[in-house]
Amino acid sequence: MKLATLKDDSRDGRLVVVNDRLTWCTEAAHIAPTLQAALDDWDQVVPKLKLLSESLAHEAVPVIRFHEHEALSPLPRAYQWADGSAYVNHVELVRRARGAKMPESFWTDPLMYQGGSDTFLAPRDPIAMGDEAWGIDMEGEIAVITGDVPMGTGPVEAREAIRLVLLVNDVSLRGLIPSELAKGFGFFQSKPSSAFSPVAVTPDELGDAWKGGKLHLPLHVDLNGAPFGRANAGVDMTFDFGELIAHAARTRSLSAGTVIGSGTVSNKLDDGPGKPLDQGGAGYSCIAEQRVVETILEGEARTPFLKFGDTVRIEMLDGDGQSIFGAIEQTVERAGA
């Protein structure tokens with residue numbers, strides 16, 4: 001089942017069910033007005049939504065054309081957005097580039113921060129920033145939306161709490177991160193609003209690609225129309241989503257509608273730091289990783305961060321080349337322009 005939230009006059013949009021090929025949708029307001037409302041009463045609502053999805057597939061209900069640019073992020077705002085760093089290769093590279101040894105605990109205890117969740121960007125909204133010197137970067141990630149998760153839930157049980165899977169562009173301001181982290185109090189200004197894919201899908205919709213709490217498909221990241229990254233999200237993922245959710249729920253319960261991110265999707269190459277696509281590697285899901293690899297191999301970073309006018313596209317395709325979640329496609333703009 002595929003769900004989306006269309007723009008209307010409200011903050012939270014209106015819930016629709018989308019067909020497999022992302023071409024048509026049907027209104028779901030008679031079942032649940034918003035995605036958050038559906039998540040709050042999931043066990044009662046999901047059978048009705050699945051029936052509606054089947055009716056849509058058989059053209060047995062009224063339909064409207066589904067346009068991705070009319071979609072908000074599936075949850076336009078959420079009670080909680082917690083982003084992990086499940087691809088420890090990415091963390092190791094960043095630390096290695098600045099000459100810092102990575103603690104061994106990073107391989108067994110996930111990193112996670114609590115991000116801002118009150119204003120998620122729509123998947124085709126611009127990335128509006130005040131200054132290119134902030135070091136504007138995209139981060140291609142996978143995320144899940146959970147149901148209610150009791151405190152102390154273990155990793156295996158936590159997988160059962162995954163309601164939906166989606167893609168993320170976790171916008172980061174690399175130029176602001178070092179001074180902010182140096183204060184010892186975590187991210188805030190350096191992590192502005194993130195954008196999510198137009199469509200969120202139930203795990204069963206992903207078939208064999210969803211195994212062990214991981215999504216085993218390449219994440220397509222393009223920059224200005226050119227392929228930038230094709231890292232496989234199921235490879236080199238040290239912590240699966242069950243482990244990430246359990247980590248978040250160690251000392252608190254999570255409410256339905258919590259969004260948990262994987263962190264930047266990152267692949268190794270022959271136990272090395274990875275290579276660009278044109279050199280036979282899987283490329284990168286963020287500019288920062290390419291820059292740290294350049295620093296490690298060449299002594300300095302050459303690839304610039306995003307500039308005003310640059311366009312980022314993040315998407316994932318199934319085995320038939322069909323878009324699963326729709327595309328996040330955003331252009332960097334000067335704020336207030």
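Every number in this text was worked out from the coordinates using simple rules, so none of it is lab data. It should be emphasised that the depicted structure is a prediction, and the values quoted were computed from it without experimental measurement. With ideal geometry, Cβ positions are generated from the backbone for all residues, glycine too; neighbour counts draw on all protein chains shown.
Brief remarks follow.
- Over all pairs of different C-alpha atoms in the chain, the reciprocal of the mean inverse distance, the Kirkwood hydrodynamic radius, equals 20.2 Å.
- Counting only Cβ charges, +1 for Lys and Arg and -1 for Asp and Glu, the dipole size of the chain around its Cα centre is about 540 debye.
- Here is the size of region 1-114 from its Cα atoms: Rg then Dmax, 19.7, 61 Å.
- With a cut-off of 17 Å on the backbone N, the residues of region 220-250 near the modelled label site 7 Å out from Trp107 along Cα-Cβ are 236-240.
- Computed helical MRE - 222 nm, the chain, DSSP H runs ≥ 4 contributing -39500 (n - 2.57), nearest 500: -5500 deg cm²/dmol
- For region 40-194, convex hull of alpha carbons as volume per residue, Å³: 161 Å³
- Extension gain for Glu157 to Asp208 (0.36 nm times residue separation, less C-alpha to C-alpha distance): 16.4 nm.
- Summing +1 for each Lys or Arg and -1 for each Asp or Glu among the other residues whose beta-carbon sits under 13 angstrom from that of Pro110 gives -3.
- Residues considered: Asp12, Asp270, Asp118. Largest GNM mean-square fluctuation over the chain, using C-alpha springs under 10 Å, is found at Asp270.
- The tail of the calculated P(r) for region 260-337 beyond 15 Å holds 69 percent of all Cα-Cα pairs.
- Straight-distance candidates among the aspartates and glutamates for linking to Lys307, with alpha-carbon spacing under 12 Å and chain neighbours fewer than 8 residues away dropped: Asp131, Glu132, Asp137, Glu333.
- Proximal charge balance of Glu329 [Cβ under 13 Å; K/R count +1, D/E count -1]: -3
- Tail weight of P(r) past 18 Å, computed on alpha-carbon pairs of region 197-337, percent: 63 percent
- In the structure shown, the pairs Lys7/Lys275; Lys7/Lys191; Lys7/Lys183; Lys7/Lys214 are assessed against 28 Å; a Cα-Cα span above that value is assigned to Lys7/Lys275; Lys7/Lys183; Lys7/Lys214.
- The alpha carbon convex hull volume per residue for region 108-234 rounds to 154 Å³.
- Of Ser73, Leu22, Val61, farthest towards positive along the dipole that unit charges on Lys, Arg, Asp, Glu beta carbons give region 1-94: Val61
- Taken about its Cα centre, region 1-103 carries a charge dipole of about 680 debye when Lys and Arg each add +1 at the Cβ and Asp and Glu each add -1 at the Cβ.
- Positive minus negative residues near Ala128 (Lys, Arg vs Asp, Glu; Cβ under 10 Å): -1
- Taking a straight line from the alpha carbon of Lys48, these lysines sit under 17 Å away, with near neighbours fewer than eight places off in the same chain left out: Lys2.
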